[in-house]
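The values are calculated or read from the model by the stated rules, or taken from the named source; none is laboratory data. Because the structure is predicted, anything quoted here is derived from the model rather than measured. Here Cβ is always computed from backbone atoms with ideal geometry, including for glycine, and neighbour counts include all displayed protein chains.
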Amino acid sequence: DAGVIQSPRHEVTEMGQEVTLRCKPISGHNSLFWYRQTMMRGLELLIYFNNNVPIDDSGMPEDRFSAKMPNASFSTLKIQPSEPRDSAVYFCASSEDRGVDNSPLHFGNGTRLTVT
Amino acid sequence: GNSVTQMEGPVTLSEEAFLTINCTYTATGYPSLFWYVQYPGEGLQLLLKATKADDKGSNKGFEATYRKETTSFHLEKGSVQVSDSAVYFCALSDQRGRRALTFGSGTRLQVQP
């Protein structure tokens, strides 16, 4: 099993540019999560999908952020336009929803975004 | 709402020392509790979990007991190694239908030879 795959590993962009982060969950997992990690705020849930449907996007900071999951094996997180305060490590995670709340999350290695 | 509070780090220990990282939580109902570990440049990995009161999760010499009366889930290890140096996150599940986890702020552990 290749695990959760994220790309790119690092992204450096200028303020105002569009940024797209990509995630391939573990095959067979039907829940997918996007988290953001910063020194100041720790790990924050941005959005999560179940069976490709967004269930909770209350953590998305503002309209500049959007996420899609067009099929079970792919998700994107887009920031447009990007700002320096968006600089963080963005993690994608997936889990197998077995109808209980103790299914562990499997994390990718993250995308380190730097907006200058 | 749900929240997790961890002791602030960094925690610096010598090899073979005893480790405790405190974690307390606030939640409605009976959440499942988790410890995750993050090594440099990597994502978080599940270390152990407990799903009900008085359960003890254990893995790789680490242990944590779900204490409902004190709403705590402290992480312990009897003898740490240099390879245990990492950031440790306590987390809980949300039993209101969400499958996402709420994480603590993380505690950095540094083990010196």
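Considering only the range A:90-115, state which residues are part of a strand (DSSP E or B), within 11 Å of chain B (Cβ to nearest Cβ) and buried (at least 20 other Cβ atoms within 10 Å of the Cβ).
Correct list: A:Y90, A:F91, A:C92, A:A93, A:S94, A:S95, A:H106, A:F107, A:T111.
Restricting attention to the range B:40-61, which residues are more than 14 Å from the chain's Cα centre (by Cα), closer than 18 Å to A:G108 by Cα and either in contact (Cβ under 8 Å) with a residue 12 or more places away in the chain or more than 9 Å from chain A (Cβ to nearest Cβ) (or both)?
Once the filter is applied, which keeps residues that are more than 14 Å from the chain's Cα centre (by Cα), closer than 18 Å to A:G108 by Cα and either in contact (Cβ under 8 Å) with a residue 12 or more places away in the chain or more than 9 Å from chain A (Cβ to nearest Cβ) (or both), the range B:40-61 yields only B:P40.
Mind checking whether some residue in the range B:98-105 is more than 10 Å from every other protein chain (Cβ to nearest Cβ), within 12 Å of the chain's Cα centre (by Cα) and surrounded by 17 or more Cβ atoms within 10 Å (Cβ to Cβ)?
Looking through the range B:98-105, none of the residues is more than 10 Å from every other protein chain (Cβ to nearest Cβ), within 12 Å of the chain's Cα centre (by Cα) and surrounded by 17 or more Cβ atoms within 10 Å (Cβ to Cβ).
Considering only residues that are in a loop (DSSP other than H, G, I, E, B) and touching a residue at least 60 places away in the same chain (Cβ under 8 Å), look in the range A:27-59 and name the one that is farthest from the other protein chains (Cβ to nearest Cβ). Talk me through it step by step, then tell me what you get.
First, pick out the residues of the range A:27-59 that are in a loop (DSSP other than H, G, I, E, B): A:27-30, A:39-41, A:51-52, A:57-59.
Next, only the ones that are touching a residue at least 60 places away in the same chain (Cβ under 8 Å) stay: A:28-30.
Details: A:G28: 15, A:H29: 11, A:N30: 10 Å.
Ranking the qualifying residues of the range A:27-59, first place goes to A:G28.
Scan (1) closer than 17 Å to A:L46 by Cα; (2) modelled with pLDDT of 95 or more for the single condition A:S73 breaks and write down its number.
(1)
Within the range B:19-38, take every residue that is under 14 Å from the mean Cα position of the chain (by Cα) and of a type in the set (S, T, Y) and give me the one that is nearest to the other protein chains (Cβ to nearest Cβ).
Result: B:S32.
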